[in-house]
Every structure is written in structure tokens, then in C-alpha cells.
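Novice: Take this structure first; my questions come after.
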Amino acid sequence: AGLAGCSSGSGDTATAGGDGSYTIGVANFTLGGPYFSGMDKAIAAEAKKKGKIEVISTDANGDAAKLASNVEDLLSKNVDAVIISGGPLESAPAALNAIKTAGKPVVLVDRKFQTGEYTSWIGPDNEAIGRQNGEFLSQKLPDGGKVAIIKGGPADNSIGLARTNGVKSVLQSKAGITLVEAPDFGNWGSDGGLTVMESLLATDSDLKAVFCENDAMCLGAQRAIADAGKADQIIIAGVDGQAEALKAILDGTNYLVTGLNDADVIGAMGLDRAVEILGGAQVEKDTVVPSPMITKENAAKYQNPDGSF
Amino acid sequence: MTGQLTEPAPTTTDPRGRRVPRLVVGGRDVTMAAAFVTLIAALVLVAALTADTFLTPTNITNLLKQMVTTGLLSFGMLVVILTGGIDLSVGSIVAFSGIVTAGLVSGLPIPVAMAVGVVSGIGFGLVNGALIARFELAPFVVTLAALTTIRGLAFVYSEVPIAPEDPGFFTLGSATLGPVPVSTLIMLAVFLVGGVFLTRTPPGRSIVAIGGNAETVRLAGINVRRHVVLAYTISGACAGLAGVVLASRVGIAQPSVGVAFELDAIAACVIGGASLAGGRGSVRATFGGVLVLVLINNLLNLYGVQSFWQQVLKGLIIIAVILVQRTNRVRS
Amino acid sequence: MTGQLTEPAPTTTDPRGRRVPRLVVGGRDVTMAAAFVTLIAALVLVAALTADTFLTPTNITNLLKQMVTTGLLSFGMLVVILTGGIDLSVGSIVAFSGIVTAGLVSGLPIPVAMAVGVVSGIGFGLVNGALIARFELAPFVVTLAALTTIRGLAFVYSEVPIAPEDPGFFTLGSATLGPVPVSTLIMLAVFLVGGVFLTRTPPGRSIVAIGGNAETVRLAGINVRRHVVLAYTISGACAGLAGVVLASRVGIAQPSVGVAFELDAIAACVIGGASLAGGRGSVRATFGGVLVLVLINNLLNLYGVQSFWQQVLKGLIIIAVILVQRTNRVRS
Amino acid sequence: MTLELRGVRKDYGGVEVLHGVDLVGRPGEVLAVVGANGAGKSTLIKILSGAQSMSAGEMRMDGEAVEFRSPHDAHARGIRTVYQELSIVPGLSVTENLLMGNFPKRRGLIDWAAAHARAKELLESIGFGAIDPRTLAGRLSVARQQMVEIAKALVSEPRVLVLDEPSAVLAGSDLASLFALIRRLRERGVLVIYVSHRLAEVMELATSIVVVKDGRVIATTEPARTSESELIGLMAGRRLEQIYPDRRTEPGEVRLSVHGLTRRGEFEDVSFTLRAGEIVGLFGLVGSGRSELARCVFGAEPATSGQVKIAGGDVRFRAPSDAIAAGLALVTEDRKRTGLVGGMSVLDNIGLTTMYGMRRGPLIDAARRRERVEEMIDRLSIQPAHCASMRVVNLSGGNQQKAVLAKWLLAEPRVLILDEPTRGVDMSTRIAIYRMIDDLARDGLAVLLISSDLTEVLGATDRILVMNQGRVTGELRSDRTTEDEILAHAIGQAA
Ligand SMILES: Nc1ncnc2c1ncn2[C@@H]1O[C@H](COP(=O)(O)OP(=O)(O)OP(=O)(O)O)[C@@H](O)[C@H]1O
Ligand SMILES: Nc1ncnc2c1ncn2[C@@H]1O[C@H](COP(=O)(O)OP(=O)(O)OP(=O)(O)O)[C@@H](O)[C@H]1O
Ligand SMILES: O[C@@H]1[C@H](O)[C@H](O)CO[C@H]1O
Ligand SMILES: [Mg+2]
Ligand SMILES: [Mg+2]
């Protein structure tokens, strides 16, 4: 994703304390999803681009305690700063405390923690993405109809909730639109999206649209819809801008829209931010990365064959 | 023989000759007993009466599709469980075979790519089996280590999902023969052929006997190791096949797919009365176990039970089912 | 016959009377044999020589902290495994006890809230044990169902993570006694007391014997059911304690924590030579198994091995370790 | 087929148990191997069956050196073995146990109808026609399982048949069938190697006898040139006095009385009493329900109706623990399945019943327990003498049996039920056991001795109950009855 939304701070000037060579630790909560591994890669790629920056990446495999100990491991390796890609984690007090005690800066990417002190956060406005999808759907369904919502779950995550709330806030007030929330979670993956959609198709045969909290689930849902022969009846809206989703949108399928939440962009910005901080720059604490709406019209411009996501 | 003793043992043929083979492979407790069939019938009946969407064609097709992965894995798991072992690596094999197949589709003909996926499963099964049989290592740990390693390899192969462009890739997973998905037919074929294998072929019988008393089988001059390897290879093959079918069905292969699949497969076998100590298990009843699990999931969804409560209830229902199974076993 | 035979078996006392109790609880294979100790020592040595950060105080403290959860769960798991059972629900109990404790901290004194967390684990263990012992249900399925149900309950209790404000909540998880974390000391105490329990008390010996041959134990007038319930209760208690300690250490309780923790705990027992068929296992060697697992993780991190390769290697190293363990067992 | 062993040695983990054994067997011979418990008989047999490898020495068949790396190699040479410990697969049918690895096939698949037919034919041809080949092997009585084991060894018409204590669990007509079978095999030129502690049958069947002691062959002889008592002397290494102690005691008060006890399908309306100081035999054919009765009296199985009283009061034993608390002890017949915890030490096994009673605080009083257990090991001369820390499975069969006995004696019972306590026990140890039972009875213990060995029942008891098909069909005084009279009751044909 060459086009960054905003403040792509020129990190290579950061030489406040030395020659600008730093070691930056990355604590991933999990790499078991394309979004997260994309983020991790984007950070590494940006570091390489900058030169002189060494990145040590860790993966907690979805275990909060392991995240804490990974951070401890990173600190014991004396990294200069830590980037946390917290995935579905809401907070990591122990990790944040350890970093604070060590006196190192910490940059959060994607997920903003609910508690604890961090130096800077870069991520999307999830509720806005949801609203944007809601607006789009309401336009596409002038006569109303049933809209299904597939959540990623487990519910100990705020971003999914924010996205769903965004969609709901727009659609609930629209006359003629009914919302159906799938009882089960799609677990943020395509296989989950597929089975949840299959169940939805059995319970609600008259769906007009489906919104999923991310693209991966939408892609599975799209298959289920195709298999049920309802591709021309149900439209799809997602979040992320995952490569396969962009392609589906561009190909003119029933996958109509997604809200950009590009791991490549956020990852790169996260690394830049860390370097800026190390360079002694005064930085914005919270940076919201804009999430443009992607449809058939503009999808081509967001396709990036070299991107990791 | 007088026939005086009422026959307590599994009969694969009736006194007059061969009839329908009974897919009971060891012990009599594990016949898919009347009570178990009743239980499944009751589940279906309750479902049909209380959820009006249950008997719709869409839902029935869903059911048929949703049992494929668990079904395939359960058969392979049963074979391993019969030897007294366990295979925890199947979920990771599903992921690996799926992603490799999807990755190869761009360069190879689709059937070849799919064959490679299945073969990768066979390969992993072979290694599992060889480690377990040759070095007498605990199956739980070997396959647990395999779970970790193979999952890692799936991610090493591709961190991101692979979505082949060629629509031929979806055929296996979405084609239907009349109303029945082809993938379901494949799974049923595995159960049928597998049933015959376990009840009517020497290697099948050896596998069952090994779980009953491996030393005896060894003393009978049968190569125990080779049969143990065979069992894990079958499980690996089933998992490889399941991975290919699943990837084709979802249309996207993800390296993260299949986590905890092994648990459902094991549960299906045990709900069907298999003993994890080996030597006892039934192909039919395992299939019944698969049905029970799929029905539970389907019903909870149809009723719109919220995800967490689904989990709570699913566990409780499983307990209830095995309690019923057990009462029936004790009574018989 | 002469006293010719040299003594090959585990001795809990030396010929002259009692000496240091050896924490071997069944069979002779499971002594934390010289080769196993050597293996661990070798791991440590290699680590110290190749990773310059390995022997830093921070890293050692990390190691000590990192072994707490696996350690606590492994001891409980060992007790259950000795009876010939298995407890898959421990990861879910960790989540439940943690979230309940964190949820109660706002209303109750911290120690009381923590006690409630542990007691919830005891409760779940009791139910598991009662179902398994009273109705003779397969431990694998009962605790698998419990895994699902308890996980669901953790989410029902709170869908969102709970991060208590009171810094007292963090004490248990972060306090140190000198350089040693208090949580590590607690875990060590569990192993010590547990070792004495299993080797030197009647209920402990009964648990070991049940795994060897339950019918013999029943005929010896020992209440088998009660001891099986006890075993699962101990495992539940350990998991409850682990949940509380973990929540306190991380500073936040998540209902989603602890997935697949049971696998590491089981692996630790088996790496330590325990037999999943029951009756054979060692407290010391299980502790050794915990060390091995924690060391592997720590080393792979220190070497900066990339995540997916870490998984690949972790599996392979585990296989290597049990191969070494096995060679040593065969040789002795 | 001539089978020759020269200088065979075997050590287990550095401890040598066979010190250079020589043995020669020829076609048509019944070569009996006798020796005390732990002498090395089973080890020897495992070596010639390929189940264990020898540490040194050589084996020749028809003059040609052979080396067995697995049982498969021995099978290929026509050697089949029935091991001392039962090894059927309980979850499989008799047919399958018999034909394992040799199924008749049709179009590549196993032809089960043909298999059952072949199994039935085979069982009938060797005189075991009473066994239904379709039954699950695990549902057969121990005796029947043993017969299946023997039949299994005969499936492929072996040239050498090795039997390790096959008669230990057989009695009556089953035993007769076995003997007839062995004679027929002999006529067919099969070499039969036969291990047994029942010297009477050895004298009857054997063509030559090899006496093994402490891992060495100390004598080779023939029935015509020796006597039972000489053999016993050789095995024990000393002269043996009388086998059964004189029983001339006055029975005391009633210790246990059973009234109309019934367990549907197993036994019916059984009544008897046991008095202090009395040894009562319980004889019957296999499957007559004796073991079930014992288990039921002991609270291990619920009764359908009837009462059990101890010292006058009615009791309802809901579990063995109740019976033990009331002073009962039951030495079960199947040590592997119900007598021992194989993976644990001898100490743990012998101490099992008494563990809860021997505490110091919450801990087991280890020193006292060890002391008591070692006393018991000594008293029953369990070999090897320092076996307390050994795993109990590494004891020889007979010594395992003694360990079970020791466990119960340690509990100091007032009523002792012994189910086939001398199964697989060598003669000198038997004598010790009889002496011990006698001593215990003299001290006021009431003993019920279940046995399928007529001589034993006659010699070691005061009174004999005979069961037939779940009912007590006779009660006889040991000093006033005969083997024939007992047998007549046992087969339900007493006048
Ligand atoms: N696996 C083993 N490990 C160690 N010692 C063993 C093992 N098996 C047998 N022994 C020892 O070898 C010796 C010979 O045992 P073996 O079973 O051959 O005796 P046996 O003559 O068959 O006795 P019995 O009449 O009691 O069956 C015994 O001292 C026994 O304790
Ligand atoms: N051949 C058989 N087939 C099936 N069941 C049998 C057979 N023999 C015995 N049984 C079962 O065992 C019961 C009695 O066996 P039990 O062991 O109590 O008799 P026993 O007189 O002690 O003979 P044994 O010498 O075999 O111990 C029978 O009522 C029957 O249920
Ligand atoms: O924002 C990300 C992505 O949307 C991903 O698909 C799921 O996890 C969230 O954290
Ligand atoms: Mg022997
Ligand atoms: Mg009996």
C-alpha cells in the first residue's frame, strides 16, 4: 500500500541519541490471521526500507500471558522500543507495565488498549468504517430488506463491536430494513464465515445483504451464497481491504464494498512512529488512519501486488 | 453348535451366510445399539418439530455439507483409536493439505494438486506412525508435536490465505449429485469402504486386535508396527482429504484453519462408544457420533442460541448423550 | 534363593530406613533418570553458551514466571493421568477462575475473590470427577464437554476482559521474594506437597494404584470412585489457582485465555515419562517436562526464530526429547 | 523334529536367571519341565518361542542352528506356545482369536461364515466343542479362555507345542480333554513341552522330565524312574515332609453364615456357614459359580436376594470395603486382573489393603509398612527375598500369587476366602501355604478354600461344599469322602 493516509513521518532523520540505528521489538498477539501477519510483515518491510533498523518479532500465539513474557524477553534483549500488534486483545497491563518500568516507548498498532499507558497508537476508526458500510448498504437497499451481520467474536474485542455498532446505528433507523445477527461467530476466518452464512441461509431465506466484521469472513460467506445460488440476491459488505476481497469487488461480483483497514499502511506507520519517538520527535498520541470506502470504482487503486495483506 | 447361548458377540454374517456386514469391529457394547439410533432419531424429531427451518432443503444440504470434515476426520481417528492410539495432528494436516493444494493449483492440474494435498496427509501420517511404532513413543505426544510442527509448516508455506482463481477448484466442495453434495458422498464412501476394511480384511482386523492386546497380536506373528503405521497413515490420508475438500468448499485455503478439529473427531468416536484404550469401536456408531455433533451445532444455530450459550449447551448435551449411551450399554 | 538380584526398582527409602523421598510414584521407568537430568542440563548449557541474554537476571526471572501456569496445570494433570484419566478442561477453568476473580475484586477483598476463583476450579473438578467416577463416563469426553461448557460460562460471566483497578490484584502475579517470583514459589510448593501426597499418603498411593488396576484397588476395600473424584478435584484446584495467578500476572482477565493449555500440561507429563494408560508417572520428571517446554519456548525466542519456524522447531524438539527419554528408558 | 538347546543363558537387566541350560526334545515326546517358582521355566519357554532373546547359548532344530528374533520366526519353524499368562484379546470373538492372521478369504475379504465354521471344526477336533466360536473371548471363564489359547496354538499344526502351566486353570472334563489332546498330538509326532506344578499329571503324561532349579537343569529323568516325592525333593533342594497338615481341630463359633444367597444368572439359593478354626473347601467344575459366589459374599457384586451374616448380625456389604471392615478377605483367582497392580512395587501391592490403617499423621508410616511387608515376604518366602521394591510383574507367576496372599494376610482377616490360591504355585510353596492356612485356622480364622484340585480339596480342608450349576449340591466331610463322591456331586449326579 504505497499510498499512506497521512503523516508518514520521515523516520530516517531520527538520530537524536545516536546514528539512527535502533532495535525495535514487535509483540504480536497472534500471527494466525492474514491481517496480523500482514501487519508484522509491513513493519519489517518498512524497517528494511529505512535501513539501520533491526526488528525482532515475536508471536504470542493468542496467549495473553505469552505476550507478556514475549515482551519481557524483548526487554531483556534490550530493544529500544516495542510495537504491540494486540490483535483481539483489549489490554495488556503486565506488558505495558514492564515496558514502562524499562523506560521504553511503546507504539500500539490496529487495536487501542482500553487500559494502561502507551506512547502512541495508530489504527482505524472502526465505528466509522461500520457507519460507512451502513450508509452504503442503505443506499443499495432503497426498498429495505433483511441484512445479516456476521461477527468475528469472541466478544472480548471492541473493534468488531464498534464495526457492528456502526452498521447498526445507520441501518436501524432505516425504514424497511431488518437486521439479523448470526448467533454464532465466524471467528474472523473464511471457513467460519462460510458455515455461519450457511446457517443464516437456512434460517433466513430472504436476506438481501450481509455485513461481516472482516473480509476473510465475507469471502467464506460469499461462497456459501454462491453455493446456495443466491449470488444475485444478496450483496456483501466487509472490512479490511484484504487482497482477495479487492479482487472480488473489482470482478463485479456481489461483493460490493469494504472499508480500508490496511495492515500494510498501519504497520508501516507504526514503525515510522516508533523511530520518530526514538529520534526524540514530539508525536501525536493517537493517530486515526482514514478508512476510505472501496467499491468497484476505486478498488483497482488499492490493489497492491507487493503488499503483504 | 446348539445356538443355546444367545449370541452375545458381533456377527458379521447371519447363520445362513453373509448378509449386510455389521460395522462393529470389537466388543459388543459398541454396536450402534437401538437406543443410540433412537437417540439420534429423537434429536431429529425434536428438531423437525421445534425448528420449522430444520427440514428445509437448504438446511438439510447444510447438514450434509457440515458433516464432511468431522466425518472424514472421525473415520481416520477411529482407526487410530482402535489401535489404542490417538491422532491430535489432524487439524493441522487439514490446514497444510488445503493450503498446499490451493498453492499448487496455479501450476498443476487441479486433480494433481488435490492428490498432492492428500499425499501430504499420508506423508505426515506415515511419519507419525513410524515414530510411534518404531520408537514406541506415546501417540499423544508425537501427534501433539506434529500438531505444532505441521501447523507451523502450513504457515511457512503461506502466511496468507490462498484463493485459487480457477473455478474448477471449487467443484469438489460445491458440486452436488442430485440434492446430495459430492463431498458428502465421498465421506460416506470412506465410511463404507473403511467399514469393510475394518471388519473384513486381515489388516483391518489386525488393527482392531492390536488395540485389544498388542502383545498377543505380536505373538500371533503379525507385524504390529506395520499395522500401527498403517493406522496413522489412514488417519493422515483422511485428514489430507478433509483439508482438500474443506479448502475447495470454502474456496480459500487458510493456514489457520482446523484448530481443535481433532477434539470433535475424538468426541464423535467416543460418543459412538469407542474406547480410548483401544480395541473397541464401531464404524457405524462413530458415524452416529458425527451425526450427533453436527445436529447439535445445527440445532443450536437454528434456535438462534447465542454463541457462548451454544458452547455451554453443547458441552451439556454431549454429557447427556453419553449418559444415555452409557445407560443403554449397562442395561444390555 | 539368594539376595543375588541387585535392586532395579524405585526405592522410596534406602535399606537403612527412610531417606529423601523419591518422587517417583509408579513404575521404575519414570524416575527422573540421569539421562533426563543431563538432557535438561544440556539444554541449559547450550542456551547459556549460545544466547548471551539467557543467563541475565531478567531472563531467568522470565523463565521462572513462565513456568508457573504450565507447572500448576501439569501437576494437576499428572494426578489425573495417574488414575488413567485425562483433564481437557483445565484451560477453560483457567479462564473462568481468572475472570470470576477479576470480576469479584471490585466487591470483595482480593484474597476472598481469589479464593472464589480457586474454589470455582475445585467445583468444576468435582463435577468432572463425579461424572467420570459415578457414571463411568470416558474422561476424555466428559472433560472435553467441560472444556466447551466452562469456556462458554467464562464468556457468559463477562464477554469483555476485566482489568481490576486495584493494584493489589497484581501482587500475587508480580511480587518477588528476593529474585524469585512468589507465583513460582507457589508452584514449587504445589509440586513439593503434591509429591509427598502422591508418594507418601494413602490417598496418593490409591490414586496411583487405581491407574494401574482399578479393580484390584476396589477389591482391596478402597473407594475407587472417591479417589477418582479427588484426582479431578485436585486438577480443578490447580487450574483454578493457575487462573487466578495468571490473571494477576497479566493484570487483566480474559474469558478467552487458556486455549490449548491442556496440551502443554499433558505434554509435560508425558515428556516426564507418564503413561496415559495410568499408573505410571513421576512428579519430578513432570517438573522436568515443564522445564523442557519452557526452555524450548524461551530459547526459540532468544534466538529470534521466526514465529512459524518456532512452531515447526518446537514440535521437532519435543520429538527429539522424548526420543532421548526413550533411549534412556530402554537402556536402563 | 529334534529341538536342542545348548548353554542357554538369560539375564534381565544384568541379573542372570538362566545359567546355561541344555535341553533336548524329540518328535512324539512329552517333555515335562518342572521346577520351583522362579526357577526359570517360563523364561526358558519364552526363549524357545522367540518371545525373548537369549543372552548366550544356541538353539538347533534338526541339527541346524536357528535364531529367533521374534515369535514370528518361531512360528515359521513350527513352534507354537501357550504362555503362562493368558493372552487372548477379550474384545474379539473366539473365532478371531483362533484364526488371527489366518483368515479364510473370499474375493480378498475375510469370509466370516467360513471362519466360524473352521473355528468350530477346530475346537471340536481337539475336544473343546463346548466353546461357541462366536462368543467374545473375554466373556468366557478363565478356563475356557485357556482352552481357546491352546486351540489357537494348534491352528497351524505345529511340530513343537509348548504349554506353560496349561492345566493351572483347568479341572474336570476340561483337564481330561487336554490330556487326551496331548496324547493324540504325541501320536502324530509332535514334540510337546509341558510345564506344570501338578506332578501327578506330569507323571501321567510325560515321556521325560527335566527338573530346573535356580536357572539350571539339575536332573533329567522319566516317570518310570522317579516318583513325585523325589521330584519335589529335587525341586526344593531338600526333603519334604508331608504335604497336607493333619487337621484335627474343633470348630468354634460361627464366623460367617450365608442364607439363600442368590445372584440371578450366576448362582442360586446358596447357604452355608463358616466357623472359626475351620477350613471349608468349595469344589465345583469350571463355571459352577464359585468365584461369583465368593465375590458376592465379599460385596464386590450385589446379590439378588439372600443374606450374609457375620458373628450373628445381618450385614449388607455394599462394597468390598464393608466386607474388609467386617474382617473378610478375598484372594481372587485371577491375579493379573484382580489381584495385583502390575506396575507398582511388591511393597505397594502387599501394603495396599492396610495402607489406610498404617498412618502417621496424614502420611503412611513407611518404616512400619516396610517392616510388616518384609515380614510377610519372609513368611511366605516370596522370591527373590529382597523383592520389596521390585515391580510385582517381574516376579515369577507363583511368587506373584504369594504376593496376593501376603496382601490379604497383612490385613489380619477373621474370615479368609481363597479362590484357587495355589494356582501356579510350586509344591514346596503349596506346602507352605497349606501350613499357613492351617496355622491361621488354628488361631481362629475361618477359611473358605475354592479349588478345582480334588486332591487339594480333600487334603487341606475339614469340610467340602460342592457346587454344580450355581447350586450347592453337596456338603461332605473331608475325612469321610472320596474323590469320586465329590466329583459325582460336582457333575450333579450324586445319588
Ligand atoms: N521381566 C523380568 N524382569 C526381571 N526379572 C524377571 C523378569 N521376568 C522374570 N524375571 C525373573 O526371572 C526369574 C525366573 O522367572 P520365570 O518366570 O522364568 O520363573 P518360572 O520358573 O516360570 O516360575 P513360576 O513357576 O512361578 O511360573 C524370576 O526370579 C523372576 O523374578
Ligand atoms: N463358558 C462360559 N461361557 C460364558 N460364561 C461363562 C462360562 N463359564 C462361566 N461363565 C460365567 O461365569 C459364571 C460362573 O463362573 P465362575 O468363575 O464363578 O465359576 P467357578 O466355579 O468359579 O469357575 P472357575 O473355575 O471358572 O472360576 C457363570 O454363571 C457364567 O455366567
Ligand atoms: O482490524 C483487524 C482486522 O479487521 C482483522 O481482520 C481482524 O482483527 C482486527 O484486529
Ligand atoms: Mg512361569
Ligand atoms: Mg472361579
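Novice: For the stretch A:133-218, what is the convex hull volume of the alpha-carbon atoms per residue, in Å³?
Specialist: Normalising the Cα hull of the stretch A:133-218 by residue number yields 76 Å³.
Novice: Magnitude of the Cβ-charge dipole of chain A, K/R +1 and D/E -1, about the Cα centre, nearest 20 debye?
Specialist: The dipole magnitude comes to about 320 debye.
Novice: Using a/c under 1.5 as the rounded threshold, could you call the stretch D:254-490 rounded, prolate or oblate? The axes a ≥ b ≥ c are square roots of the C-alpha gyration tensor eigenvalues, and prolate needs a/b larger than b/c, oblate otherwise.
Specialist: Since a/c reaches 1.5 and a/b is larger than b/c, the shape of the stretch D:254-490 is classed as prolate.
Novice: Roughly what % of DSSP beta bridges within chain A run antiparallel, to the nearest 5?
Specialist: Here the share of antiparallel DSSP bridges comes out near 5 percent.
Novice: Next question. Give me the Å³ per residue figure for the convex hull around the C-alpha atoms of chain A.
Specialist: Value for chain A: 112 Å³ per residue.
Novice: What FRET efficiency comes out for D:Ser229 versus B:Leu192 if R0 is 56 angstrom and r is the Cβ-Cβ distance? Round to the nearest 0.05.
Specialist: Efficiency at R0 = 56 Å is approximately 0.25.
Novice: Can you tell which of B:Thr184, B:Thr201, B:Thr61 shows the greatest fluctuation in a Gaussian network model of chain B with Cα springs below 10 Å?
Specialist: Highest fluctuation of the listed residues: B:Thr201.
Novice: Report P(r) for chain B: all Cα-Cα distances, bin width 10 Å, range 0 to the bin holding the largest distance, values in whole percent.
Specialist: Values per bin, smallest distances first: 6, 25, 33, 25, 9, 2, 0.
Novice: Moving to a separate point now. Excluding A:Leu260 itself, calculate the net charge of residues whose Cβ lies under 11 Å from the Cβ of A:Leu260, where each Lys or Arg counts +1 and each Asp or Glu counts -1.
Specialist: For residues surrounding A:Leu260, the net value is -3.
Novice: Can you compute the helix-only [θ] at 222 nm over chain D? Use -39500 (n - 2.57) per DSSP H run of at least 4 residues, normalise by all residues, nearest 500 deg cm²/dmol.
Specialist: -9000 deg cm²/dmol
Novice: Then there's this: For chain D, take the longest principal axis of its alpha carbons; what is the angle in degrees between that and the long axis of helix D:112-125, to the nearest 10 within 0 to 90?
Specialist: 80
Novice: Would you mind giving the total buried accessible surface between chains C and B, with a 1.4 Å probe and ligands, DNA and RNA left out, rounded to the nearest 100 Å²?
Specialist: 3500
Novice: Counting only helical runs of four or more DSSP H residues, what would the 222 nm mean residue ellipticity of chain C come to if each run contributes -39,500 (n - 2.57) and the total is spread over all its residues?
Specialist: That calculation yields -23500 deg cm²/dmol at 222 nm.
Novice: Another question about this same structure. What angle, in degrees between 0 and 90 and rounded to the nearest 10, separates the Cα long axis of helix D:366-379 from the longest principal axis of the Cα atoms of chain D?
Specialist: For D:366-379 against chain D, the angle is about 70 degrees.
Novice: Now, a different point. Please list, by residue number, everything in the stretch C:199-213 whose backbone N is under 11 Å from a paramagnetic label point 7 Å out along Cα→Cβ of D:Arg360.
Specialist: Hits in the stretch C:199-213 for D:Arg360 at 11 Å: none.
Novice: Partner chain Cβ atoms within 10 Å, averaged over the residues of D:85-98 - can you pull that number for me?
Specialist: Neighbouring Cβ atoms belonging to other protein chains average 6 per residue here.
Novice: Another question, if that's okay. Taking every residue in A:202-211, how many Cβ atoms of other protein chains lie within 10 Å of its Cβ, on average?
Specialist: Neighbouring Cβ atoms belonging to other protein chains average 3 per residue here.
Novice: Additional query: Quickly estimate the mean residue ellipticity at 222 nm for chain A, helices only: each DSSP H run with n ≥ 4 gives -39500 (n - 2.57), and the total goes over all residues, rounded to 500.
Specialist: -12500 deg cm²/dmol
Novice: Let me ask another. Mind checking how much accessible area A and B bury in total, 1.4 Å probe, in Å² rounded to 100?
Specialist: Interface area, both chains combined: 2500 Å², rounded to the nearest 100.
Novice: Under the definition of Cα pairs under 8 Å and six or more residues apart, what whole-number percent is the relative contact order of the stretch B:199-332?
Specialist: Once normalised by length, the contact order is 19 percent.
Novice: Counting only protein heavy atoms, what percent of the accessible surface of the stretch D:3-236 is carbon or sulfur at a 1.4 Å probe?
Specialist: That fraction is 46 percent.
Novice: List, in order, the whole-Hz ³J(HN,Hα) value for each residue of the stretch A:190-202 obtained from phi through the Karplus relation with A = 6.51, B = -1.76, C = 1.60 and θ = phi - 60°; use x for Gly and Pro.
Specialist: 5, 5, x, x, 4, 5, 5, 5, 4, 5, 4, 5, 6
Novice: Could I get the Rg over Rh figure for the stretch B:70-139? Both from C-alpha atoms, Rh via Kirkwood, rounded to two places.
Specialist: 1.05
Novice: In the protein assembly as shown, what % of DSSP beta bridges are antiparallel (nearest 5)?
Specialist: Looking only at bridges with both residues in the protein assembly as shown, the antiparallel portion is about 45 percent.
Novice: Kindly provide the pair-distance distribution of chain D built from C-alpha pairs, with 20 Å bins from 0 and whole-percent values in order of increasing distance.
Specialist: Here the calculated profile for chain D is 22, 55, 22, 1.
Novice: I would also like to ask the following. If you take every residue apart from C:Gly236 with its C-beta less than 13 Å away from the C-beta of C:Gly236, what net charge results, scoring Lys and Arg +1 and Asp and Glu -1?
Specialist: Surrounding charge for C:Gly236 is -2.
Novice: Another one. Any chance you could give the angle, 0 to 90 degrees and rounded to 10, that helix A:64-76 forms with the longest Cα principal axis of chain A?
Specialist: 30
Novice: Cβ under 9 Å from A:Leu207's Cβ, A:Leu207 left aside: what net charge do those residues give with Lys, Arg +1 and Asp, Glu -1?
Specialist: +1
Novice: Then there is this: With the full set of protein chains in place, find how many percent of the accessible area of chain A is carbon and sulfur; take the probe as 1.4 Å.
Specialist: So the carbon and sulfur contribution to the accessible surface is 49 percent.
Novice: Moving on. Could you compute how much accessible area chains B and D hide from each other, both sides summed, with a 1.4 Å probe? Nearest 100 Å² is fine.
Specialist: 2800
Novice: Could you give P(r) for the stretch B:283-332, binned at 5 Å from zero, as whole percent values over all Cα-Cα pairs?
Specialist: Going out from 0 Å in 5 Å bins, the stretch B:283-332 shows 5, 19, 24, 23, 14, 9, 4, 1 percent.
Novice: Turning to a different aspect of this structure: How long is the stretch A:217-309 along each principal axis, judged by its Cα atoms, biggest number first, in Å?
Specialist: Here the Cα extents, ordered largest to smallest, are 58, 23, 20 Å.
Novice: Would you please give the residues with an amide H less than 5 Å from that of D:Ile110, counting only those at least 5 places away or on a separate chain, with H modeled from the backbone geometry?
Specialist: B:Thr201
Novice: On to the next question. At 1.4 Å probe radius, can you tell me the per residue accessible area of the protein assembly as shown in Å²?
Specialist: It amounts to 35 Å² per residue over the protein assembly as shown.
Novice: Going by amide H atoms built from the backbone, whose H comes under 5 Å of the H on A:Val180, apart from near neighbours?
Specialist: Close amide H contacts, sequence-distant or interchain: A:Val147, A:Ala148, A:Ile149.
Novice: With springs only between Cα atoms under 10 Å, which of C:Leu293, C:Leu230, C:Leu219 fluctuates most in a Gaussian network model of chain C?
Specialist: Result: C:Leu219 has the largest fluctuation of those listed.
Novice: Moving on to the next point. Need one number: convex hull volume per residue for the stretch D:3-236, Cα atoms only, in Å³.
Specialist: Taking the convex hull of the Cα positions in the stretch D:3-236, it is 129 Å³ per residue.
Novice: State whether the stretch D:175-270 is rounded, prolate or oblate according to the following rule on the C-alpha gyration tensor (a ≥ b ≥ c being the square roots of its eigenvalues): a/c under 1.5 gives rounded; otherwise a/b larger than b/c gives prolate, and the remaining case gives oblate.
Specialist: oblate
Novice: Between C:Val142, C:Val94, C:Val156, where does the largest GNM mean-square fluctuation fall for chain C, given springs only between Cα atoms within less than 10 Å?
Specialist: Fluctuation is largest for C:Val156.
Novice: Next question. For the stretch B:283-332, what % of the accessible area comes from carbon and sulfur atoms, probe 1.4 Å?
Specialist: Its accessible area is 64 percent carbon and sulfur atoms.
Novice: Taking Cα atoms of the protein assembly as shown, Rg/Rh with Kirkwood Rh, to two decimals?
Specialist: For the protein assembly as shown, the value is 1.02.
Novice: Pulled fully out, how much extra length does the chain show between D:Ser125 and D:Arg442, if you take 0.36 nm times their separation in residues and subtract their Cα-Cα distance?
Specialist: Additional length available on full extension: 109.2 nm.
Novice: While we're here: Per residue of the stretch D:439-453, what does 6.51 cos²θ - 1.76 cosθ + 1.60 with θ = phi - 60° give for ³J(HN,Hα)? Whole Hz please, x for Gly and Pro, Karplus curve as stated.
Specialist: 4, 4, 5, 4, 7, x, 6, 9, 10, 10, 10, 8, 8, 9, 9
Novice: Something else now. Taking only complete DSSP H runs, can you tell me which helices of chain C stretch 30 Å or more along their own long axis by Cα positions and average at least -0.5 on the Kyte-Doolittle scale?
Specialist: Helices meeting the criterion: C:57-82, C:110-134, C:224-250, C:307-331.
Novice: Calculate one ³J(HN,Hα) per residue across the stretch A:243-259 by plugging θ = phi - 60° into the Karplus curve 6.51 cos²θ - 1.76 cosθ + 1.60, and present them in order as whole Hz with x for glycine and proline.
Specialist: Using θ = phi - 60°, the values come out as 3, 5, 5, 4, 5, 4, 5, 5, 6, x, 7, 7, 7, 9, 8, 8, x Hz.
Novice: Taking the Cα centre of the stretch A:53-173 as origin and charging only Cβ (+1 Lys, Arg; -1 Asp, Glu), how large is the dipole, in debye to the nearest 20?
Specialist: Value, rounded to 20: 380 debye.
Novice: Here's something else I'd like to know. Search the structure for amide H atoms under 5 Å from the amide H of A:Val289, placed 1.01 Å from N in the peptide plane, and list their residues when 5 or more places away or on another chain.
Specialist: For A:Val289, the qualifying residues are A:Gly123, A:Asp125.
The values are calculated or read from the model by the stated rules, or taken from the named source; none is laboratory data. Owing to the predicted nature of the structure, the values given are computational and were not obtained by experimental measurement. Every residue, glycine among them, receives a Cβ derived from its backbone with ideal geometry; neighbour counts consider all protein chains shown. Quick note on the areas: whole protein, heavy atoms, side chains included, nothing else; ligands and nucleic acids left out. Shrake-Rupley method; radii C 1.70, N 1.55, O 1.52, S 1.80 Å.
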